[in-house]
Every structure is written in C-alpha cells, then in structure tokens.
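Here's the structure we're looking at; comments come further down.
The values are calculated or read from the model by the stated rules, or taken from the named source; none is laboratory data. Just so you know, these numbers come straight off a predicted model, no measurement behind them. Cβ sites come from the backbone with ideal geometry, for glycine too, and all protein chains shown count toward neighbours. What goes into the accessible areas is simple: the full protein's heavy atoms, side chains included, and nothing from ligands, DNA or RNA. Shrake-Rupley method; radii C 1.70, N 1.55, O 1.52, S 1.80 Å.
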Amino acid sequence: MKYSIEYIKTLLNGFPRVKPIPWKTPIVHLESLSRELGVDVYVKRDDMAGIGIGGNKLRKLEYIFGDIVSKGYDTVITVGPINSNHALLTAMVASKLGLNTVLILRHTSRRNPVKGNYLLEKIMGVDVRIYSVSKSKRLLPIAEEIARKLENEGKKPYIIPVGGAIPLGALGYANSVLEILEQGKELGIKID
C-alpha cells in the first residue's frame with residue numbers, strides 16, 4: 001500500500017516533537033562522484049544542523065525530546081561509550097531546553113579520557129559519570145539506579161538507551177525522509 005506524504009505527515013504530527021534543527025539541512029549534488037559513477041548523487045548535509053556536530057543522532061532526538069518535554073521530565077539520562085556523539089548531542093539539546101543531563105559513559109582504557117566529546121561535555125558542565133564495563137548495554141542498570149536516586153530527590157528522570165535506539169527515535173528518520181522528498185521537489189530532482 002502506498003501512502004502519501006501528507007498522510008505520513010499527519011501520522012507524525014500525532015507525536016510531540018521539538019525542533020533542534022531550526023531549518024531544512026541542505027541537499028548537495030556531489031558532482032565529481034556523480035561523474036565517476038554515471039548517476040546523480042546527492043547528500044543530505046545533516047552535519048550542518050547547527051547544534052554541535054549535528055548528524056543523524058540529532059534526528060532521533062526530535063521525537064525523544066518531544067516526549068520528554070510533553071510529559072514534564074526535568075532530567076535526561078543516557079548511556080554510551082566515552083566519546084558518544086549521541087551523548088554529547090543529548091546534553092546539548094537538553095541544555096537548550098533547560099533540562100538537566102546525566103551521562104553514564106563507558107571507558108575501558110587506562111589512558112586519560114579527557115578529549116573529544118567527553119572534553120566538550122566537561123566544559124559544558126554536564127554531570128558525566130564514567131564506568132569501566134565491557135559493553136554499553138551494561139550501563140542501563142546503572143542508569144536505572146541513578147534514576148531511582150534522582151526520583152527520591154524529587155526529580156523526574158527520563159532514560160534514553162544507547163544511541164537513542166527506541167521507536168520514537170526512528171520517527172526522526174521518517175520525518176527526515178519526508179524533508180528529503182519535499183526538498184527534491186523544490187530542487188526539481190527525482191530522488192529514488
């Protein structure tokens with residue numbers, strides 16, 4: 001069954017959403033690669049989203065943070081590796097929305113971790129907690145324990161799993177596809 005863009009927009013509008021990307025990120029024609037391959041190749045420049053490093057992780061956060069804000073949560077907890085792009089963007093969006101953030105990050109090296117995304121999080125003053133575990137999924141029970149402690153302090157925490165890999169996050173990608181199709185029409189290009 002084929003669904004129209006308007007029908008899919010109507011479905012997506014049924015979910016709360018924040019717009020960390022205040023504009024449509026550009027679609028750019030890759031001329032050299034297009035010549036090389038003999039087909040027109042375009043790229044969606046979500047790296048130009050305007051928050052941090054942008055990218056696909058920011059798309060996931062549109063609907064996740066829509067849920068967080070609409071339900072009145074005041075603290076966001078997420079987990080991941082020490083230099084997680086998702087964790088950094090989560091902290092940036094939460095800060096923009098006036099929410100507290102706790103990052104539960106995995107670090108298994110003995111070397112100094114204060115670089116990259118972790119360094120930026122420290123500069124931002126984010127509550128970052130480091131644990132030495134072999135896999136990021138083992139951080140979720142730690143996040144749940146921290147959430148219980150925060151609840152006992154009167155906070156209302158929301159846990160986002162590794163990389164924002166939940167159905168609400170996938171809605172951001174669906175919305176991105178609609179944006180790409182609309183921009184294709186505006187640019188006069190057929191995207192298949």
Plugging the Cβ-Cβ distance of I142 and F15 into 1/(1 + (r/R0)^6) at R0 = 22 Å yields, to the nearest 0.05, a FRET efficiency of 0.15
Residues of segment 174-192 with amide nitrogen under 16 Å from the 7 Å Cα-to-Cβ point of D40?
180-192
GNM of the chain, Cα pairs under 10 angstrom: of R106, R35, R129, the biggest fluctuation goes to R35
Considering only protein heavy atoms and a probe of 1.4 Å, how much of the accessible area of segment 127-188 is carbon and sulfur, as a whole percent?
56 percent
Roughly how many whole Å is it from the C-alpha centroid of segment 141-192 to that of segment 4-69?
12 Å
Candidates T25, T90, T78: whichever shows maximal mean-square fluctuation once the chain is modelled as a Gaussian network with Cα springs under 10 Å
T25
Against the globular-protein guess of 2.2 N^0.38 Å, express the Cα radius of gyration of segment 1-122 as a ratio, rounded to two decimals.
1.32
Among E179, E36, E121, determine the one that fluctuates most according to a GNM of the chain built with springs between C-alpha atoms less than 10 Å apart.
E36
Over 18 Å, how big is the tail of the calculated P(r) for segment 1-47, in percent of all Cα pairs?
59 percent
Given +1 on the Cβ of Lys and Arg, -1 on the Cβ of Asp and Glu, and no further charges, what dipole in debye does the chain carry about its Cα centre, rounded to the nearest 20?
600 debye
Taking r as the C-beta separation of K185 and E31 and R0 as 22 Å, the FRET efficiency to the nearest 0.05 is 0.55
The FRET efficiency for N152 and A174, from their Cβ-Cβ distance with R0 = 41 Å and rounded to 0.05, is 0.65
Note the angle between two axes, namely the Cα long axis of helix 167-187 and the longest principal axis of the Cα atoms of the chain, as a number of degrees from 0 to 90, rounded to the nearest 10.
30 degrees
Kirkwood Rh, Cα atoms: Rg over Rh of segment 113-174
1.01
Suppose the chain between D74 and V133 were pulled fully straight at 0.36 nm per residue; how much longer would it get relative to their current alpha carbon spacing?
18.5 nm
What number, rounded to the nearest 500 deg cm²/dmol, is the helix-based mean residue ellipticity at 222 nm of the chain, given -39500 (n - 2.57) per DSSP H run of at least four residues and division by all its residues?
-14000 deg cm²/dmol
